[in-house]
Amino acid sequence: MIHIFFCPSAAGTFRQLLDSRNVEEEVAAISEGLDFGPISCADLAEREAWLNRYAPLDFCERDWLATSEARFRKQIANHDDRLIWIAPSSAAEQAGLYWYLSQFGGEKTKLAIADYGFGGTWDGKSPLKLGELAIEPMGQLYDECPRVAWNPSRFNEGRWSTLIEENALLRVVTGGALQSAPDNYFDSFLLARCPIEWVKWHRVLADTMGDIWDTRQTAGSDFLLWRLHALIESGQIACEGEPPRFGGSTSDAVKIRRIV
């Protein structure tokens, strides 16, 4: 048995759960959220260059995505008994599932679908992403979530090809389904949280993530950094110094403000 996740933090919590129960089963995860950025690339290495340009890190360039994909492929190749864990409210997890189906098909795969509320989830609702679960609610999900056969009428293996053809840089979940969306889909949330007074940029991102969460959607920090750069370049947000990057000291973080 191999357990498959499209949320790296959830995979880490799940490994802790298995260790705590002395269960010797393998866990595999892609360390790449496919809910934003180009997906028509020949491989994940091309996505590295895009992310390094549009959502840069201060301390290094991303050079692990292609390595993660190769490791993932090697792991699952050794298992015919595969179980995918997914919170379908998460665009990243749905995108990961469709990528998986396009690459490997679903015949060898069962799914554990967290589309219901249980103890330890936010407000008792279904989890927006499996990464929100601490080890105790993850254990409840492990014990209680039904294992079901892949159903192509719900998760069609051709969906990934359609998303590639649509060639959008953002994917969101609306009405339970993964959809392509315009780049600026969440820009209004960033602008609403950016005051006309100078404020450190990571505070704006944190508040924006919370506001989006309240709408029962999610947006990752990498994505929001890309959109923040776009708003700076378009003149809607001013930046005090160089555009923000992840890493470094928060006390020295770049300040931004909304232009009115």
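Key figures for this structure:
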quantity: Scope the range 93-110; condition within 13 Å of residue 157 (Cβ to Cβ) and part of a strand (DSSP E or B); matching residues; calculated: 109
quantity: Those residues of the range 101-134 which are aromatic (Phe, Trp, Tyr) and out of contact with any helix residue (DSSP H, G or I) (no Cβ under 9 Å at 6 or more places or on another chain), in sequence order; calculated: 116
quantity: Residues satisfying the stated conditions in the range 198-238, i.e. β-branched (Val, Ile, Thr), over 16 Å from the mean Cα position of the chain (by Cα) and not in a helix (DSSP H, G or I); calculated: 199, 215, 237
quantity: Residue in the range 4-21 that is part of a helix (DSSP H, G or I), surrounded by 20 or more Cβ atoms within 10 Å (Cβ to Cβ) and under 15 Å from the mean Cα position of the chain (by Cα) present; calculated: yes
quantity: Matching residues in the range 111-138 - criterion: being over 13 Å from the mean Cα position of the chain (by Cα) and assigned to a helix (DSSP H, G or I); calculated: 122, 123, 124, 135, 136, 137, 138
quantity: Number of positions in the range 209-228 that are among the acidic types (Asp, Glu) and in contact (Cβ under 8 Å) with a residue 12 or more places away in the chain; calculated: 2
quantity: Criterion (modelled with pLDDT of 95 or more, closer than 28 Å to residue 23 by Cα and touching a Gly at 6+ places or on another chain (Cβ under 9 Å)) met by exactly one of 90, 126; calculated: 90
quantity: So residue 171, is it surrounded by 12 or more Cβ atoms within 10 Å (Cβ to Cβ), in contact (Cβ under 8 Å) with a residue 40 or more places away in the chain, in contact with a Cys (Cβ under 9 Å, 6 or more places away or on another chain) and not in a helix (DSSP H, G or I); calculated: no
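The values are calculated or read from the model by the stated rules, or taken from the named source; none is laboratory data. Model, not experiment: these values are computed from the prediction. A quick note on method: Cβ atoms are made from the backbone with ideal geometry, for glycine too, and the neighbour counts reach across all protein chains shown.
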